[in-house]
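Read the structure below first, then the notes.
The numbers here are math on the coordinates, done by the rules we state, and not lab data. These figures come from a predicted structure and were not determined experimentally. Backbone-built Cβ (ideal geometry, glycine too); neighbour counts: all protein chains shown.
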Amino acid sequence: MRPRPSRLVLLGHPVGHSKSPRMHGAALAHAGIDLRYDALDVAPDDFDAAINALVSANVAGNVTIPFKERAAARCDWLSSAAQRAGAANTFWSVEGELHGDNTDIGGFAAAAAALPGGVPTPARVALLGAGGAAAAVLAAVERWPDCTVRIHARTLERATRLAARFPGVARAEPGLEEALADANLVVNATPAGLGDDGELPAPVELLAPGAAVIDLAYRAGETAWVRTARARGHPAMDGLPMLVEQGALAWRRWLGVEPDRGVMRRALL
Ligand code: NDP
């Protein structure tokens, strides 16, 4: 048995917006585990020194924007899922070595399975955004039988590069309308809609009738995109179920136990 981590942290820049400390803090208290989960805002230039110090101190945790790719590159051992996504969101220390996983992948898959009506089969996915979260979505959906994905991102070159890593499943689509036209599952993997500016990742009128919607963004009272899509009859969910699932999967890596997902969910709401 590995020794329990001395502390849990979230490394990011910025991290102030994250609900992970609240979610994990509540679940740790509920489980009677005497550990803290703290958000650490680390300047990009300080990332390497910070992660080295944490590994030496047997600290485990998560990494978020903009460090997931750098964390994967720094790991001494990386799960095959994290290798596929090219990003790690979960780390822990084993005898002074940094180990990493990507629980966003399993988190997305579990959340999608809980969509009202389930995942459409075969899934024709429109994926909005081409960053680390989009890569995790691709690593999850490439396992679905006969799934196809059109990636639409505001930086076409980034979408093209991401699609090239998932040949046979994904292709970049410059036009938003074309990406959405035939999709029976639309996934927002951009931060659009997180703020109060009324921005939506895509006009809901462009969605095909009955297309399911998953917004990886989350906020109190759900995102406007999810609420608008549901009002028009689309099965829709925001990023909260994925956040809970990726966090629960991280517990297995850090602590070898399952958290109470209900406690986590309630802490977020
Ligand atoms: P990245 O910064 O790696 O990628 C973001 C992508 O969105 C890029 O393609 C970027 O384009 C694009 N983008 C950024 N802003 C806008 C905008 N205003 N309109 C359209 N496109 C935009 O971020 P991540 O992939 O790590 O995260 C994306 C989202 O997913 C975030 O909202 C994050 O909070 C959420 N997330 C949720 C999780 C959950 O558990 N629910 C887990 C992981 C992520 P460009 O390249 O041009 O900048």
Take the stretch 28-114, drop everything but the C-alpha atoms, weight them equally and run the Debye formula without solvent; then report log10 I(q)/I(0) at 0.11, 0.16, 0.21, 0.25 Å⁻¹ to two decimals. -0.32, -0.67, -1.04, -1.25
Percent RCO, i.e. relative contact order, over the stretch 128-212, from Cα pairs under 8 Å lying at least 6 residues apart: 30
For the stretch 72-154, alpha-carbon Rg over 2.2 N^0.38 Å: 1.21
Tally Lys/Arg at +1 and Asp/Glu at -1 over every other residue whose Cβ is under 11 Å from the Cβ of Gly193; what's the total? -4
Take Arg22, project a point 7 Å from its Cα along the Cβ direction, then tell me which residues of the stretch 89-122 have their backbone nitrogen under 20 Å from it. none
Which whole-angstrom value gives the distance between the alpha carbon centres of the stretch 1-51 and the stretch 172-204? 31
Given the chain, report the % of alpha carbon pairs whose separation exceeds 22 Å. 55
Relative packing of 7-19, 109-121, 61-73, which averages over residues the other C-beta atoms within 10 Å, highest first: 61-73, 7-19, 109-121
Starting from the Cα coordinates of the stretch 1-147, work out the convex hull volume and express it per residue in Å³. 135
Where trypsin sites (Lys or Arg not before Pro) fall in DSSP loop in the stretch 151-188, at most 16 other Cβ within 10 Å: Arg154, Arg165
Give me the orientation-averaged projected area of the Cα convex hull of the stretch 199-269, in nm², one decimal. 5.5
Remind me, relative contact order of the chain in percent, using alpha carbon pairs under 8 angstrom and six or more residues apart? 18
Report the Rg/Rh value for the stretch 87-128, based on alpha-carbon coordinates and the Kirkwood definition of Rh. 1.20
Taking every pair of Cα atoms in the stretch 175-225, average 1/r, invert it to obtain the Kirkwood radius, and report Rg/Rh to two decimals. 0.95
Ordering of 258-265, 32-39 by packing [mean C-beta count within 10 Å, highest first]: 258-265, 32-39
For Asp38 paired with Asn52, estimate the spin-label separation in nm (one decimal), with each label point 7 Å from Cα along the Cα-to-Cβ line. 2.1
Please state the equivalent ellipsoid semi-axes for the stretch 93-224: what are the square roots of 5 times the Cα gyration tensor eigenvalues, largest first, in whole Å? 23, 18, 16
